[in-house]
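So the structure is just underneath, and the comments pick up after that.
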Amino acid sequence: MAPGHRATDPEAATRAVTVLHSTEPASVYLSLQARVDGLSVAEVDRVLYEDRTLVKQLAMRRTLFVFPRDLLPAAWGSASARVATTIGARLVKEVEAHGVAPDGAAWLEEAKAAVVDALAGGVALTAQELRERVPELEGRLQLATGKKYAANVSVAPRVLTQLGVEGVLVRGENAGHWRLSKPRWTLMSDWLDDVPPAAKPDEGYAELVGRWLRSFGPGTEDDLVWWLGATKGAVRSALAAVGAVEVSLDGGATGWVLPDDVDPVDEVEPWAALLPVLDPTVMGWKQRDFYLGGHGPQLFDTNGNAGTTAWWDGRIVGCWVQDDAGVVEVRTLARLPKAALAALEVEAARLTDWLDGVRIGTVYPSSAMKTVDWVKP
């Protein structure tokens, strides 16, 4: 993220952080913009939808990510498989409990097969188009009856999500603006042509842990358990498989690094960055005090989702918002030196120019983004 150290292209930027969060589609573009100089929306679209070197995949913690293509088999065999088992069993129970079908498991297999048939031959359809063509997707579930958050929902998104996490379908080309999510669902075999087999679970976890350590190490066992959404046993086996080395962290905790990553790291000049909601660096660790300080409650919502963040010299010092014209404004949470304020203003101008009037909404605004009570220069 530091000027002079940025990545050369979207693929390199993604590998530098292992995967990109894609819960909000705009975050993919903004995370890459922060790490690649001169990047355009068209370049991101190209790697996602033409070259397909970066691919969307539901995986760790039931979160949608953008993966480097070669990392997909590791996820399919480990983190994605774990999520698929969990959400599949839940959907079977919901289908039976809400009268959609007496045999939920059989119904789910029939519904998945019907969707696959509808997309055969290279067809790509939005969720709405699939619902219109596939009768098996017409069922509805009445959830949380009697609660304030009660909802009557279609089974269609759940079936598509199940097929997506299993690696059968992929969220293909976006039918809407780049900041919105309206994917055309496509068979993974059509999207990638040559689909490699899923890795064995232990091999998949080892690959993911190795990539995470390269991006985020040193980190703790708890960091990895949280990031992977896996068990301690799986994490410990993966750490052993990659030959991870124990190191001491500030405060006395034990961290882990790759065996070729034990040397001291060269210092860089202080740098500024503006990162989007759910950026992979912000969400890289469970234990975040070393870069958050005491600002966590102001920058994360109650469910642990990070809002926008402003960084100075390796620490989060605030957030950023846009005015009605789309101009980016930095809100700081602490007194900063003039050099920091100047550098943050440079990044704000860079992001304003890049967005060119496009305003980015979010369903995860932090309290710092919503309040006007911040530390002014």
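The values are calculated or read from the model by the stated rules, or taken from the named source; none is laboratory data. What you see is a predicted model; the values in this text were computed from it and never measured. Quick reminder, even Gly has a Cβ in these numbers, built from the backbone with ideal geometry, and neighbours come from all protein chains shown.
Of note:
- Within the range 337-361, residues that are closer than 17 Å to Thr308 by Cα have Cβ atoms under 8 Å from residues that are of a type in the set (Lys, Arg) in these pairs: Val358/Arg179; Ile360/Arg179; Gly361/Arg179, counting only partners at least 6 apart in sequence or on another chain.
- Flag set for Lys182, criterion: within 20 Å of Lys56 (Cβ to Cβ) and surrounded by fewer than 17 Cβ atoms within 10 Å (Cβ to Cβ).
- Residue match in the range 310-322 (condition: touching a Ser or Thr at 6+ places or on another chain (Cβ under 7 Å), buried (at least 17 other Cβ atoms within 10 Å of the Cβ) and in a loop (DSSP other than H, G, I, E, B)): no
- Selected residue [crowded, with 22+ Cβ neighbours inside 10 Å, in contact with a strand residue (DSSP E or B) (Cβ under 7 Å, 6 or more places away or on another chain) and among the aliphatic types (A, V, I, L, M)] from Val66, Val95: Val66
- Looking at the range 122-194, the helices (runs of 4 or more DSSP H) lying wholly inside it that each contain 2 or more residues that are in contact (Cβ under 8 Å) with a residue 60 or more places away in the chain, within 18 Å of Lys93 (Cβ to Cβ) and among the hydrophobic types (A, V, I, L, M, F, W, C) sit at 156-165.
- Residue match in the range 18-41 (condition: part of a helix (DSSP H, G or I), outside the structural domain of Leu351 (by TED's automatic domain parsing), surrounded by fewer than 18 Cβ atoms within 10 Å (Cβ to Cβ) and not hydroxyl-bearing (Ser, Thr, Tyr)): yes
- The set of residues from the range 97-121 being in contact (Cβ under 8 Å) with a residue 24 or more places away in the chain and farther than 24 Å from Ser189 by Cα comprises His98, Val100, Ala101.
Yes/no matrix, rows are residues, columns are (1) under 30 Å from Pro3 (Cα atoms); (2) in contact (Cβ under 8 Å) with a residue 24 or more places away in the chain; (3) small (Gly, Ala, Ser); (4) in contact with a Gly (Cβ under 7 Å, 6 or more places away or on another chain):
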{"position": "Lys232", "(1), (2), (3), (4)": "no, no, no, no"}
{"position": "Gly243", "(1), (2), (3), (4)": "no, no, yes, no"}
{"position": "Gly252", "(1), (2), (3), (4)": "no, no, yes, no"}
{"position": "Val268", "(1), (2), (3), (4)": "yes, yes, no, no"}
{"position": "Leu278", "(1), (2), (3), (4)": "yes, yes, no, no"}
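- Taken over the range 205-237, the criterion of being more than 19 Å from Pro280 (Cβ to Cβ) and assigned to a helix (DSSP H, G or I) is satisfied by Ala206, Glu221, Lys232, Gly233, Ala234, Arg236, Ser237.
- Some residue of the range 89-98 being assigned by TED's automatic domain parsing to the domain that holds Thr186, in contact with an Asp or Glu (Cβ under 6 Å, 6 or more places away or on another chain) and over 22 Å from Asp279 (Cα atoms): no
- Selection count, the range 62-99, where residues are at pLDDT below 95 and in contact with a Leu (Cβ under 9 Å, 6 or more places away or on another chain): 4
- Odd one out for Asp279, checked against (1) under 29 Å from Ala334 (Cα atoms); (2) in a strand (DSSP E or B); (3) in contact with a Leu (Cβ under 9 Å, 6 or more places away or on another chain): (2)
- Taken as a whole, the condition of being β-branched (Val, Ile, Thr), in the same structural domain as Gly88 (by TED's automatic domain parsing), in contact with a Ser or Thr (Cβ under 9 Å, 6 or more places away or on another chain) and surrounded by 14 or more Cβ atoms within 10 Å (Cβ to Cβ) applies to Val168.
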